[in-house]
Amino acid sequence: MTGLVRRFGGIAGMLAVVLFFAINVPDTFLTLRNWLNISQQISMLAVVAACMTVVMVMGDFDLSVGSMASLSGVVAATLFTQDWSIPAALSAALAVGLLGGLINGVMVSLVGILPFVATLATLTIYSGAAFLISDGRTIFGRDIPAAFGDFARGGPVIGMAGERALVLPNLTLVALAVVALIWLVLEQTTYGRRLYAIGGNSEAARLAGVPVTWLRLSAFLFTGVGAAVAGLMYASRVASANPTQGDALMLTAIAAVFLGMTLTRDGQPGVLATLAGVVVLGVLDNGLTQMRVDSYVREVLVGAIILAAVGFSALGRRGVLGRRP
Amino acid sequence: MTARTIFTAGALAALVAGGAAAQEVAVITPYLAQPGTQFYVDGFTAAAENFGWTVNVIDTAGDVGAVISRIEDVTIQGVDAIVINVDPAQIGAGLATAADAGIPVVGMDAGSDPLVAANVTSNGYAMAAETAVYVADRIGGAGNVVMFTFDPFPPVQARGVIADAIFGNFPDIEVLDRITPDVSDGGIADSRAQMEAVLAANPEPGSIAAVWAAWDQPALGALQAIEAAGRGGEGIVITGIDANPQARDAIAQGGNFEASVAQDFVGIGSVTAETVKRLLDGEELRQKVIYVPTELITAANVGAD
């Protein structure tokens, strides 16, 4: 019984959140339109959090993802102002993400700086670069090609609700593609298994012949590029770019991975669990807004719920809530 | 539609509104932590209370993308109107969602956009006219005037145009220099340096009658330069625009900095509420920009509020 609580307590908690809003916001919360809406709102966070999972399975962090997201948006927007085509500007922004990830990987894996310290330093560097490139300004209006801003507003029409079309947002599709890719990499390849092995015991993995240094370095490429993708999605959504707009993604992404970890059997990060964590955070924002809960109370509540979920999970694992495993 | 059917529809609407639950308006801003925004919201909620509305004030703490998300949320929730206090150019996706659902969006000093039913703000042309005319009157329509303008920023450029026109209308007023200060450091330091150069080039007492600045920072910089040069006693008249706290202090001291113009933030909030009311009552707004009067601040009224 207690084993069941441990195994499914997190899922039950998440369903309870959904049920709570279904009861309190009866007319709109469980509609398809609202869930499509939520899927679009969490798409950027889903991309960053899925990529964050890749480094967190090794027990590492990447604190620079938020400022990298800001930087990639600013890079693309600045290139737009210099009449670069959309594909060229986006490629350049993604290349910046790759480079940023590479720097993080080299610092953590080759140089051997703690991820917390290394990525805290690059957080500052990427953020400073975003300010430098944009001159601290928001780039918007005619500088941004209409097609770039329209991407985030569009998507295939999947049906009608009353007289209004139901659209499956493009951003949702991008997020689903990224999550699927990360799932394949982590769950279905030797590469992914080895990352988990490093997280379990990096020394044992090394002795077993796993090239720990290179794998660890390469994992940071995922967070770098993932952050750049999310930054571009954000820039498309607001049809503009400023040097701080992605910053909030970092802490929320880490919170989502931790929330997800409460769902897995062994308490390890997993990309689908992370996605569930992202959904819960998105649902909380959406539901509490519709319930007219004050913005600041909303923030306190979201933090408290994360603490409660992770706290219960930790107590469960230590056997306080049941048999010692 | 005849006048009679309009009347009937209006009466029906009033009946429905009276009988149904309170109307609900969402106010969404990333900038609630900024003092000006709080005044807007105070003015809005006070007026909304009189109308009996339920008001949901949502602050996204600087996150413009989240403004779009929250607009989508309250659109799904089915609010009666949405008020925004953010550049509409950056939240087009949210405005499109609200428009699609037929929910009116009103800007509270937000900016103009085809999807914003009306934007309530201060009239920059009128603000510039207030101080330019003050300068012209104070110097008796004659003398050399130094202008500080900033044409790259459209709202400030508009102020400069008006001052040009007013000074041009006085044959004995000569614009000595039209300076565009470097604003990367906030605008005070470079304005001071530029003013020092003008003072050095015009050493004769009385050779500069006034300094007209398109916003407060250059006016404060010019004041520093004039005082540092020991020429505070020449009666050079300085005016700014915005009436920020530093400018109010300078005006209250009774020195060269004589006047600035204050926006009525609380008034913008309450007029926004009235504008929402007109939309909810079914009125078709002809004016897409609604101006709230501003107030000339001088030593006579600087302590009044």
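The values are calculated or read from the model by the stated rules, or taken from the named source; none is laboratory data. Here the structure is a predicted model, which means the values were calculated and not measured. Ideal geometry is used to build each Cβ from the backbone, glycine not excepted, and the neighbour counts take in all protein chains shown.
Some notes on this structure:
- Among the residues of segment A:268-284, those that are farther than 15 Å from A:ALA308 by Cα and touching a Ser or Thr at 6+ places or on another chain (Cβ under 7 Å) comprise A:PRO269, A:GLY270, A:VAL271, A:ALA273, A:THR274.
- Every residue from segment B:52-75 that is outside any helix (DSSP H, G or I) and of a type in the set (S, T, N, Q): B:THR54, B:ASN56, B:THR60
- Of the residues A:ARG237, A:ARG265, A:ARG298, A:ARG292, the single one that is within 14 Å of another protein chain (Cβ to nearest Cβ), in contact with a helix residue (DSSP H, G or I) (Cβ under 9 Å, 6 or more places away or on another chain) and in a loop (DSSP other than H, G, I, E, B) is A:ARG292.
- Those residues of segment B:86-96 which are crowded, with 21+ Cβ neighbours inside 10 Å and either part of a loop (DSSP other than H, G, I, E, B) or within 8 Å of another protein chain (Cβ to nearest Cβ) (or both), in sequence order: B:VAL86, B:GLN90, B:ILE91, B:GLY92, B:ALA93
- Whichever residue in segment A:29-45 is polar (S, T, N, Q) and within 14 Å of the chain's Cα centre (by Cα) and, among such residues, is nearest to the other protein chains (Cβ to nearest Cβ): A:GLN41
- Among the candidates B:ALA210, B:ALA163, residue that is closer than 22 Å to B:SER122 by Cα and at pLDDT 95 or above: B:ALA163
- Picking from residues in segment A:268-285 that are of a type outside the set (A, V, I, L, M) and under 12 Å from the mean Cα position of the chain (by Cα), the one that is farthest from the other protein chains (Cβ to nearest Cβ) is A:THR274.
- For segment A:241-250, the criterion of being in a helix (DSSP H, G or I), among the hydroxyl-bearing types (Ser, Thr, Tyr), more than 19 Å from A:TYR196 (Cα to Cα) and modelled with pLDDT of 90 or more is met by none of the residues.
- Reported count of residues in segment A:253-296, each being closer than 21 Å to B:VAL74 by Cβ and either touching a residue at least 12 places away in the same chain (Cβ under 8 Å) or polar (S, T, N, Q) (or both), is 14.
Listed here are the residues, each with its yes/no results for (1) closer than 15 Å to A:GLY231 by Cα; (2) crowded, with 20+ Cβ neighbours inside 10 Å.
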| residue | (1), (2) |
| --- | --- |
| A:ALA69 | yes, yes |
| A:SER72 | yes, yes |
| A:ALA88 | no, no |
| A:VAL96 | yes, yes |
| A:ASN104 | no, yes |
| A:PRO115 | no, yes |
| A:THR119 | no, yes |
| A:TYR126 | yes, yes |
| A:ALA130 | yes, yes |
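- Residue in segment A:48-63 that is more than 23 Å from the chain's Cα centre (by Cα), surrounded by fewer than 24 Cβ atoms within 10 Å (Cβ to Cβ) and away from chain B (no Cβ under 13 Å) present: no
- Pairs with Cβ under 7 Å, 6+ apart, first in segment A:148-170 and touching a residue at least 60 places away in the same chain (Cβ under 8 Å) and farther than 18 Å from A:GLN41 by Cβ, second in a helix (DSSP H, G or I) and polar (S, T, N, Q): A:PHE148/A:SER236
- First in segment A:4-31 and under 12 Å from A:GLN290 (Cα atoms), second anywhere and among the β-branched types (Val, Ile, Thr) and modelled with pLDDT of 90 or more, Cβ under 6 Å, 6 or more apart: A:THR28/B:ILE76
- Any chance A:ASP60 is outside any helix (DSSP H, G or I) and closer than 30 Å to B:ILE76 by Cα: no
- Residues satisfying the stated conditions in segment B:45-85, i.e. among the polar types (S, T, N, Q) and either more than 7 Å from chain A (Cβ to nearest Cβ) or out of contact with any Gly (no Cβ under 9 Å at 6 or more places or on another chain) (or both): B:THR45, B:ASN50, B:THR54, B:ASN56, B:THR60, B:THR75, B:GLN77, B:ASN85
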